[in-house]
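A short write-up of the structure that comes next.
The values are calculated or read from the model by the stated rules, or taken from the named source; none is laboratory data. These figures come from a predicted structure and were not determined experimentally. When we count neighbours, we look across all protein chains shown, and the Cβ atoms used for this are built from the backbone with ideal geometry, even at glycine. Side chains are part of the model used for accessible areas, which takes the heavy atoms of the whole protein and leaves out ligands, DNA and RNA. Shrake-Rupley method; radii C 1.70, N 1.55, O 1.52, S 1.80 Å.
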Amino acid sequence: MVIVTASDNNFVPGLFLFIFSAWIHNREAKFVVIDAGIEPAAVIELRRFCGRNGIDCRIVQADARRISDLPTRGKPLTTASYARILIPEILPDCDKAIYMDADTLVVSDLGGLWSADLGDNLVAGVIDGFVEQEELDDIDMSRNEYINSGVLIMNLAAWRQEGIADRIFAWVREAAKSRYLDQTALNAVVRGRVLFLGREWNFFSERFVEIERRLPKVIHYAGSAKPWRYRRVPFADVFNFYRTMSGFDIPEGTLLLKSARRRKMILGLMGLRRKYWSFALTTHYYRRRFTKPHLRGLAKMFSTAPQAWASS
């Protein structure tokens, strides 16, 4: 199993937890981290952790010449977002790889994901479902075929053979007004050759009320409210458990979301408004069905872990 991620310095806390969480559930996996602007000190610390624990992790530099001139959108979309498109070139001897964003947390064995048969498809991914209609209209695509690029299985052999990376970069340069530059370009180019995966493989934490109820296998902290910055974001307790167990010096979220949001919630519950009760009931469902059992299982796992791991 080959698992690839990419990061610049904005996502380092998430990157560390991603590697840790994916490894404890998938011990035989080989990891590749594409360095698209990580501080040297963080790279050194990640190498040390992987070395101490026997994690097969290779850190490679993104080819700046390939992506430095592509349009960006500040912190939400830096040149690091394009690094995933370079995976077929970075791994010339691999025919298949799993890609995951550095703000995902793996909470399960990924064997079911890795074994998915791509056939002639270029990628496998999960339908996004929340992209603006204007974005969809620009590429004449329906909402039920546009995938989120945060978790992908990539047919690297086909990408190389058909020059998919160059086609995506060409699309980005011609459609710089697109809001989700790399993701929309990917969708436009691979359209019709996508294997659609279940929501559990790319479970949007911020959208947990709106998406169908699935017990997550990969939690994606998409959006601006990252759990290493903000308190009380959905599924932050899961992130923080992994953070504590990892031994990494990863900050706990300290910022608070706007207090007006909490006041609205309280008033909405008191007023028996359906939207707020739906939030409360869905929160209860996931705490009972996923969070509490998962954290109990992790606690048991860590209690029997070798001391070298527990103290890393």
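Mind listing just one residue for me: the one in segment 34-44 that is open to solvent by 60 Å² or more (accessible area, probe 1.4 Å) and free of Cβ contacts under 8 Å to residues at least 24 places away in the same chain and, of those, nearest to Val2 (Cα to Cα)?
First, pick out the residues of segment 34-44 that are open to solvent by 60 Å² or more (accessible area, probe 1.4 Å): 39-41, 44.
Checking the rest, the ones that are also free of Cβ contacts under 8 Å to residues at least 24 places away in the same chain come to 40-41, 44.
Working: Pro40: 24, Ala41: 25, Ile44: 22 Å.
Here the residue is Ile44.
Answer yes or no as to whether Arg214 is outside any helix (DSSP H, G or I), open to solvent by 50 Å² or more (accessible area, probe 1.4 Å) and either closer than 25 Å to Thr282 by Cβ or of a type outside the set (Ser, Thr, Tyr) (or both).
Here the answer is yes, as Arg214 does meet what is asked.
Criterion first (out of contact with any Lys or Arg (no Cβ under 9 Å at 6 or more places or on another chain), at pLDDT below 95 and more than 17 Å from Arg193 (Cα to Cα)) does Thr79 satisfy it?
Yes; evaluated as a whole, the condition is true for this residue.
For segment 87-100, give me each residue that is out of contact with any helix residue (DSSP H, G or I) (no Cβ under 8 Å at 6 or more places or on another chain) and open to solvent by less than 50 Å² (accessible area, probe 1.4 Å).
Just the residues of segment 87-100 that are out of contact with any helix residue (DSSP H, G or I) (no Cβ under 8 Å at 6 or more places or on another chain), to begin with: 90, 93.
Answer for segment 87-100, where residues must be out of contact with any helix residue (DSSP H, G or I) (no Cβ under 8 Å at 6 or more places or on another chain) and open to solvent by less than 50 Å² (accessible area, probe 1.4 Å): just Ile90.
If only one of Ser115, Ser205, Ser108 is modelled with pLDDT of 90 or more, open to solvent by less than 10 Å² (accessible area, probe 1.4 Å), under 21 Å from the mean Cα position of the chain (by Cα) and under 24 Å from Ala22 (Cα atoms), which one is it?
After ruling out the rest, the residue left standing is Ser205.
Search segment 165-188 for residues being more than 17 Å from Glu132 (Cβ to Cβ) and basic (Lys, Arg), and hand back the single one that is surrounded by the most Cβ atoms within 10 Å (Cβ to Cβ).
Arg167
Please list, ordered by first then second residue, the pairs with beta carbon atoms under 8 Å, 6 or more apart or interchain, first in segment 239-255 and among the aliphatic types (A, V, I, L, M), second part of a loop (DSSP other than H, G, I, E, B) and modelled with pLDDT of 90 or more.
Ile250/Trp228; Leu255/Arg229
Of all residues being among the polar types (S, T, N, Q) and modelled with pLDDT under 80 in segment 238-284, which is most open to solvent (accessible area, probe 1.4 Å)? Just the residue, please.
Looking only at segment 238-284, we keep the residues that are among the polar types (S, T, N, Q), and these are 240, 244, 246, 254, 259, 278, 282-283.
Adding the requirement that they be modelled with pLDDT under 80 leaves 254, 259, 278.
Working: Thr254: 101, Ser259: 68, Ser278: 45 Å².
Filtering first and then ranking leaves Thr254.
Exactly one condition in (1) in a helix (DSSP H, G or I); (2) modelled with pLDDT of 95 or more is false for Leu195; which is it?
Just one mismatch for Leu195, condition (1).
In the list Ile24, Ile59, which residue meets the criterion of being in contact with a strand residue (DSSP E or B) (Cβ under 7 Å, 6 or more places away or on another chain) and either modelled with pLDDT of 90 or more or surrounded by 13 or more Cβ atoms within 10 Å (Cβ to Cβ) (or both)?
Values: Ile24 fails: in contact with a strand residue (DSSP E or B) (Cβ under 7 Å, 6 or more places away or on another chain).
It is Ile59.
State whether the residues of segment 147-154 include one that is out of contact with any strand residue (DSSP E or B) (no Cβ under 8 Å at 6 or more places or on another chain) and farther than 17 Å from Phe130 by Cβ. Explain how you work it out, then say what you get.
Step one: of segment 147-154, the residues out of contact with any strand residue (DSSP E or B) (no Cβ under 8 Å at 6 or more places or on another chain) are none.
Checked segment 147-154: no residue is out of contact with any strand residue (DSSP E or B) (no Cβ under 8 Å at 6 or more places or on another chain) and farther than 17 Å from Phe130 by Cβ.
Name the residues in segment 103-125 that are closer than 23 Å to Glu206 by Cβ and part of a loop (DSSP other than H, G, I, E, B), would you?
Asp103, Val107, Ser108, Leu110
Of all residues in segment 120-140, count the ones that are of a type in the set (A, V, I, L, M), at pLDDT 95 or above and within 23 Å of Ala222 (Cα to Cα). If you could, list the steps in order and put the result at the bottom.
Within segment 120-140, the first condition is being of a type in the set (A, V, I, L, M), and the residues that meet it are 122-124, 126-127, 131, 136, 139.
Narrowing further to those that are at pLDDT 95 or above: 122-124, 126-127.
Now drop any that are not within 23 Å of Ala222 (Cα to Cα), which leaves 123-124, 126-127.
The number of residues fulfilling the criteria is 4.
May I ask you to list the residues in segment 1-21 that are in a helix (DSSP H, G or I) and surrounded by 15 or more Cβ atoms within 10 Å (Cβ to Cβ)?
Matches in segment 1-21: Asn10, Phe11, Val12, Pro13, Gly14, Leu15, Phe16, Leu17, Phe18, Ile19, Phe20, Ser21.
Each row is one residue, and each column tells you yes or no for (1) farther than 28 Å from Asn9 by Cβ; (2) of a type in the set (Lys, Arg); (3) open to solvent by 10 Å² or more (accessible area, probe 1.4 Å).
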position	(1), (2), (3)
Ala80	no, no, yes
Gly125	no, no, no
Gly150	no, no, no
Ala157	yes, no, yes
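What tally of residues in segment 126-158 results from selecting those that are outside any loop (DSSP other than H, G, I, E, B) and farther than 19 Å from Ala80 by Cβ?
14
List every residue pair whose Cβ atoms sit under 7 Å apart, with the two residues 6 or more apart in sequence or on different chains, where the first one lies in segment 287-303 and is within 12 Å of Leu215 (Cβ to Cβ) and the second, anywhere, is in a helix (DSSP H, G or I).
That search, which allows pairs on different chains as well, returns Thr291/Asp237; Thr291/Val238; His294/Val238.
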